[in-house]
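Notes follow the structure.
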Amino acid sequence: MDTADDFFLDSVIQVRMPSWSRGRIAVAGDAAYCASPPSGMGTSLVLTGAYVLAGELAHHAHHGNAFARYEHILRPYIARAQHLPPGVPRIASPRTRAGIHTLNTVLRAASQPRIAKALIRFPVPPADTFTLPPYGI
Ligand SMILES: Cc1cc2nc3c(=O)[nH]c(=O)nc-3n(C[C@H](O)[C@H](O)[C@H](O)COP(=O)(O)OP(=O)(O)OC[C@H]3O[C@@H](n4cnc5c(N)ncnc54)[C@H](O)[C@@H]3O)c2cc1C
């Protein structure tokens, strides 16, 4: 880290905004509803959000109505994606030696096919529980 010229450090956060638009400006993706890396949902959310925003803009004469529909359609999906299983952020970003040891143990165990199969049954963010509206675009 002392010698690297491309070292980058940031905090692991979620973005929760009371509104995703103001006037003629709307936000999508991490800027609006970052679910944080441990969710594994960021790419799904930004692509889905961009699709819905574009679809609603194409179907409403007034951008304000499109922004309202965009938010109405996506809010429940975003809320589910941001709801991480208990302890996940802390386990994924350990702050102590014991935490690092726990993370490594969990990752080692998860690489075993039988355990990986069992872990899949745990509740994870629902990437495939959102049905894309058929905008015909
Ligand atoms: C360590 C890490 C691991 C991740 N792992 C996963 C994963 O496994 N699965 C998953 O689905 N997601 C993952 N994500 C999340 C995923 O990368 C993001 O959710 C996704 O990239 C968000 O897309 P976005 O277009 O909203 O934002 P970004 O991809 O951040 O794009 C924003 C762009 O805007 C540019 N920009 C910023 N300011 C300006 C400006 N003033 N003018 C012009 N351009 C500007 C930036 O340079 C950037 O290119 C991970 C993220 C991190 C950090």
Is there any pair linking a residue in segment 100-115 that is of a type in the set (Gly, Ala, Ser) to one that is outside any loop (DSSP other than H, G, I, E, B), with Cβ under 8 Å and at least six apart or on different chains, and which?
Ala109/Ile115; Ala110/Ala116; Ala110/Leu119
Among the numbered criteria (1) open to solvent by 50 Å² or more (accessible area, probe 1.4 Å); (2) part of a helix (DSSP H, G or I), which single criterion is violated by Thr48?
(1)
Given the conditions (1) within 10 Å of the ligand (Cβ to nearest atom); (2) at pLDDT below 90, report the number of the one that Asp30 does not fulfil.
(2)
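Results for (1) over 30 Å from Ala54 (Cα atoms); (2) open to solvent by 70 Å² or more (accessible area, probe 1.4 Å); (3) in a loop (DSSP other than H, G, I, E, B), shown as yes or no for each residue.
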site: Arg80; (1), (2), (3): no, yes, no
site: Pro94; (1), (2), (3): yes, no, yes
site: Gly99; (1), (2), (3): yes, no, no
site: Thr105; (1), (2), (3): yes, no, no
Which condition number in (1) over 20 Å from the mean Cα position of the chain (by Cα); (2) closer than 24 Å to Gly42 by Cα; (3) at pLDDT 90 or above is the one that Leu103 fails?
(3)
Considering only residues that are touching a residue at least 60 places away in the same chain (Cβ under 8 Å), over 8 Å from the mean Cα position of the chain (by Cα) and within 9 Å of the ligand (Cβ to nearest atom), which ones fall in segment 39-57?
none
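The values are calculated or read from the model by the stated rules, or taken from the named source; none is laboratory data. Remember, predicted model here, so these are calculated numbers, not experimental data. Glycine gets a Cβ as well: all are built from the backbone with ideal geometry, and neighbour counts include every protein chain shown. For accessibility, only protein heavy atoms count, side chains too; no ligands or nucleic acids. Shrake-Rupley method; radii C 1.70, N 1.55, O 1.52, S 1.80 Å.
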